[in-house]
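Comments concern the structure below.
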Amino acid sequence: MPDATIARFTGPWAGFSNFEGPAVELDGESYDCVEKAFQAAKTFDPGARRAVRSASTPGQAKRLGRKVALRPDWEQAKLSIMEHLLRQKFQHAALQDLLLRSGGALIVEGNDWHDTFWGVCTGCLRGCQGAGANQLGRLLMALRDELCSTGSIATSPRPGV
């Protein structure tokens, strides 16, 4: 693929979505996708984590994650936790192939739900259209760079989860 932009995690790029498997682990518990594990990591409350893990869909898990009592270090920990979970997900050969197929493309977690930390708002009337730090896209591109330069993606030590 020539250098371009992957602007949405749909179609051939759906595997980049945190709503897609494979399963990852958080504190000895298996979660069927990164989204559920990430939402559970927001809290230290075992009951809330259990509810997020057993949510019927990643979207439901995300909604539950908005209601949990946030751990006190969440703002400092969330980026390293996401990286830890993505490193697990991208141990799978099919997902490594997906990263490699993206070539030198800019990977952008484009969204219309105003997420300007993990992505870039692309369809908005609130004035944030085009704004975003794209942290998820940046992490995916860093994993791709690591895979291209070393031939593998190292697992990260367990962050403070």
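The values are calculated or read from the model by the stated rules, or taken from the named source; none is laboratory data. This structure is a prediction, so every number in the text was calculated from the model and none was measured. Neighbour counts run over all protein chains shown; Cβ positions are idealised from the backbone, glycine included.
Taking region 86-112 as the search range and keeping residues that are more than 18 Å from Q135 (Cβ to Cβ) and without any contact (Cβ under 8 Å) to a residue 24 or more places away in the chain, which one is surrounded by the fewest Cβ atoms within 10 Å (Cβ to Cβ)?
So in region 86-112, the residues more than 18 Å from Q135 (Cβ to Cβ) come out as 91-98, 100-101, 103-104.
Filter once more, so that each one left must be without any contact (Cβ under 8 Å) to a residue 24 or more places away in the chain: 93, 97.
Details: A93: 8, D97: 12.
The qualifying residue surrounded by the fewest Cβ atoms within 10 Å (Cβ to Cβ) is A93.
With the structure loaded, tell me whether V161 is in contact with a helix residue (DSSP H, G or I) (Cβ under 7 Å, 6 or more places away or on another chain), among the β-branched types (V, I, T) and modelled with pLDDT of 90 or more or whether it fails that test. Working first, answer last.
Values: in contact with a helix residue (DSSP H, G or I) (Cβ under 7 Å, 6 or more places away or on another chain): yes; among the β-branched types (V, I, T): yes; modelled with pLDDT of 90 or more: no.
No: the conditions fail for V161.
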Quick one: Q96 ticks every box in (1) modelled with pLDDT of 95 or more; (2) in contact with a strand residue (DSSP E or B) (Cβ under 6 Å, 6 or more places away or on another chain); (3) of a type outside the set (G, A, S) except a single one, so which number is it? (2)
Does at least one position in region 64-72 carry a residue that is touching a Lys or Arg at 6+ places or on another chain (Cβ under 7 Å), within 17 Å of S17 (Cα to Cα) and outside any helix (DSSP H, G or I)? no
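Among E35, E83, E75, which is the only one that is assigned to a helix (DSSP H, G or I), out of contact with any Asp or Glu (no Cβ under 8 Å at 6 or more places or on another chain), free of Cβ contacts under 8 Å to residues at least 12 places away in the same chain and at negative phi?
Numbers: E35 fails: free of Cβ contacts under 8 Å to residues at least 12 places away in the same chain; E83 fails: free of Cβ contacts under 8 Å to residues at least 12 places away in the same chain.
From the options E35, E83, E75, the qualifying one is E75.
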